[in-house]
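K.L.:
Submitted below is the structure of interest, expressed as structure tokens.
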Amino acid sequence: MRYGQIRKYDIANGEGIRTTIFVIGCTHKCPECFNQEYQDFSAGSLWTDKETKQVIEYLNDDQVKGLTLLGGEPFQNTKDLTEIVKEIKKHSNKDIWIYSGYSYEDILDDPDKKKLLDLCDVLVDGLFINKLKNLKLKFRGSSNQRIIDIKKSNKDSVVLYYGDQAI
């Protein structure tokens, strides 16, 4: 897997102070994407065990509430990212947010994507749609995107996440 950056402290992509991993590669090509440079699958750097250890170290910081996965498109990196998240979870019980252009329902229909989803706690789903852009929204760019409590949701019922803050 390739990645664009790892942020030790991020307050824009999920609740509280978070560590974030920006994966590389996305075929959605949303117009006005805020991370266009991360769409190219050959960009960024190759992920190694060193980066996994670094993320685990960052998550051990008491100030960090959890991990956020975004990109690019995390669900177009499922094979490697699933293994990386499994390793991280062996060393941290902090919550994991994941952002995707895919809908929750589409992710559930794909066994490989669902394996990664099952390791996470909150999903921000849906393509960014520029005409629905709303700068007042927390943790998402356009009003069609949902913030989903993965553990409380299932194929028949989507439960939106409201967490510690009004969203």
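K.L.:
Would you tally the net charge around GLN36, using a Cβ to Cβ cut-off of less than 13 Å, leaving GLN36 out, and scoring K and R as +1, D and E as -1?
P.N.:
Summing Lys/Arg as +1 and Asp/Glu as -1 gives -3.
K.L.:
If you add up the charges near MET1, with Lys and Arg at +1 and Asp and Glu at -1, over every other residue whose beta carbon is less than 10 angstrom from its beta carbon, what do you get?
P.N.:
Net local charge, MET1 excluded: -1.
K.L.:
Filter the GluC sites (Glu not before Pro) in the stretch 1-101 to those in DSSP coil with at most 16 other Cβ atoms within 10 Å of their Cβ, and list the result.
P.N.:
GLU32
K.L.:
Can you give me the P(r) profile for the stretch 56-167? Cα pairs, bins 5 angstrom wide beginning at 0, each as a whole percent.
P.N.:
P(r) for the stretch 56-167, in whole percents per bin: 2, 12, 22, 24, 21, 14, 6, 1, 0.
K.L.:
By a straight-distance test (C-alpha under 16 Å), which aspartates and glutamates pair with LYS29 as possible cross-link partners, with residues fewer than eight away in the same chain excluded?
P.N.:
GLU37, ASP40, GLU73, ASP125
K.L.:
Could you list the square roots of 5 times each eigenvalue of the Cα gyration tensor of the stretch 50-107, that is, the equivalent ellipsoid semi-axes, sorted largest first and rounded to whole Å?
P.N.:
22, 13, 10
K.L.:
With both bridge residues required to lie in the chain, what share of the DSSP beta bridges run antiparallel, to the nearest 5%?
P.N.:
Bridges in the chain are about 50 percent antiparallel.
K.L.:
Seen from all sides and averaged, what is the projected area of the convex hull of the Cα atoms in the stretch 102-167, in nm²?
P.N.:
Taking a quarter of the hull surface, the average projection is 4.6 nm².
K.L.:
Which residues make up the longest stretch of the chain clear of trypsin sites (Lys or Arg not before Pro) that lie in a DSSP loop with no more than 11 other Cβ atoms within 10 Å, not counting the sites?
P.N.:
30-89
K.L.:
If each DSSP helix of 4+ residues adds -39,500 (n - 2.57) and the sum is divided by the residues in the chain, what number results at 222 nm, nearest 500 deg cm²/dmol?
P.N.:
Per the formula, -6000 deg cm²/dmol.
K.L.:
Structure shown: which of LYS50/LYS79; LYS8/LYS136; LYS90/LYS113 lie over 22 Å apart, alpha-carbon to alpha-carbon?
P.N.:
LYS8/LYS136
K.L.:
Report the longest stretch of the chain that contains none of the chymotrypsin sites (Phe, Trp or Tyr not before Pro) sitting in a DSSP loop with at most 12 other Cβ atoms within 10 Å.
P.N.:
The longest uninterrupted stretch comes out as 35-161.
Just so you know, all these numbers are worked out from the coordinates, no wet-lab data involved. As the structure is a computational prediction, the values presented were derived from the model and not from experiment. Quick reminder, even Gly has a Cβ in these numbers, built from the backbone with ideal geometry, and neighbours come from all protein chains shown.
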